[in-house]
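Student: This structure is in structure tokens; I'll ask about it shortly.
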Amino acid sequence: MSDLLERLRGRGWRMTSQRRVVAEVLEGDHVHLTADEVHARAAQRLPEISRATVYNTLGELVSLGEVIEVVTDGRARRYDPNAHHPHQHLVCSACGTMRDVSPTGSPLADLPAEERFGFTVSGADVTYRGLCPACIRRPGA
Ligand SMILES: [Zn+2]
Ligand SMILES: [Zn+2]
């Protein structure tokens, strides 16, 4: 469970009603929302919230390291509050639904020395692709 609001309170983040709504929308597990989705959900709770406020708040949460940006397969950038637990992503090729997964073994450690070409390797991202249960059941999928 992402405890984004708690983390932000803990670090004394200035919590206006607009900023709080953005953080609330991102609260939860397996949350990967585009900026437009964050705005749409935030506007359901606070109709006057502007797109600019949402974008600025997201940018700030990313620079604080409390939200990570996820880009896969040329889809729109998503915002992920699961920022403190290294994880990989399982993505539905049809609808784009995304799950956080923790494969056994580490993609970073699994790269053999002779495949590193003298690089200092500091990170690795793995995307698992397939069809989610809803898309498997969808006629014509
Ligand atoms: Zn799907
Ligand atoms: Zn994630």
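Just so it is clear, none of the values below were taken in a lab; they were calculated from the coordinates. Since the model is a prediction, treat every value here as computed from it, not as a measurement. Backbone-built Cβ (ideal geometry, glycine too); neighbour counts: all protein chains shown.
Student: Read phi for every residue in region 68-73 and hand back ³J(HN,Hα) as whole Hz from Karplus 6.51 cos²θ - 1.76 cosθ + 1.60, θ = phi - 60°, with x for Gly and Pro.
Tutor: For region 68-73, the Karplus-derived couplings read 10, 8, 10, 10, 9, 6 Hz, x marking Gly and Pro.
Student: Comparing Thr97, Thr16, Thr72, which has the greatest mean-square fluctuation in the GNM of the chain with Cα pairs linked when under 10 Å apart?
Tutor: Highest fluctuation of the listed residues: Thr16.
Student: While we're here: Once the Cα atoms of the chain are picked out, what are the Rg and Dmax in Å?
Tutor: For the chain, the Cα radius of gyration and maximum Cα-Cα distance read 17.3, 56 Å.
Student: Over the chain, what is the percentage of antiparallel beta bridges among all DSSP beta bridges, to the nearest 5?
Tutor: Rounded to the nearest five, the antiparallel share is 70 percent.
Student: Once the Cα gyration tensor of region 88-137 is diagonalised, what are the square roots of 5 times its eigenvalues, in whole Å and ordered largest first, as equivalent ellipsoid semi-axes?
Tutor: 30, 10, 8
Student: Something else about it: Could you give the longest part of the chain that holds none of the trypsin sites (Lys or Arg not before Pro) found in DSSP loops with at most 10 neighbouring Cβ atoms within 10 Å? Mind dumping the intermediate values first?
Tutor: On the way: sites that count: Arg11, Arg14, Arg116.
Within the chain, the longest run free of exposed trypsin sites (Lys or Arg not before Pro) spans 15-115.
Student: Give a residue-ordered list of calculated ³J(HN,Hα) values for region 122-133 (Karplus: 6.51 cos²θ - 1.76 cosθ + 1.60, θ = phi - 60°; whole Hz; x for Gly, Pro).
Tutor: In residue order, the calculated couplings are 10, x, 8, 10, 10, 10, 8, 10, x, 10, 6, x Hz.
Student: Counting only residues 5 or more places away or on other chains, whose amide H sits under 5 Å from the amide H of Val67 once H atoms are built in the peptide plane?
Tutor: Counting only residues 5 or more places away or on other chains, the set is Val62.
Student: Pick from Gln18, Gln88, Gln44: which is most flexible by mean-square fluctuation in a GNM of the chain where alpha carbon atoms under 10 Å apart are linked?
Tutor: Checking each option, the largest mean-square fluctuation is seen for Gln44.
Student: What dipole magnitude, in Debye to the nearest 20, does the chain give about its Cα centre under +1 on Lys/Arg Cβ and -1 on Asp/Glu Cβ?
Tutor: 460 debye
Student: Taking the Cα atoms of region 4-80 alone, what are Rg (to one decimal) and Dmax (as a whole number) in Å?
Tutor: 11.7, 36
Student: So which residue, out of Gly74, Gly12, Gly28, gets the largest mean-square fluctuation from a GNM of the chain using Cα contacts under 10 Å as springs?
Tutor: Residue with maximal mean-square fluctuation among Gly74, Gly12, Gly28: Gly74.
Student: Would you give the gap between the C-alpha center of region 22-71 and the C-alpha center of region 78-141, rounded to a whole Å?
Tutor: 22 Å
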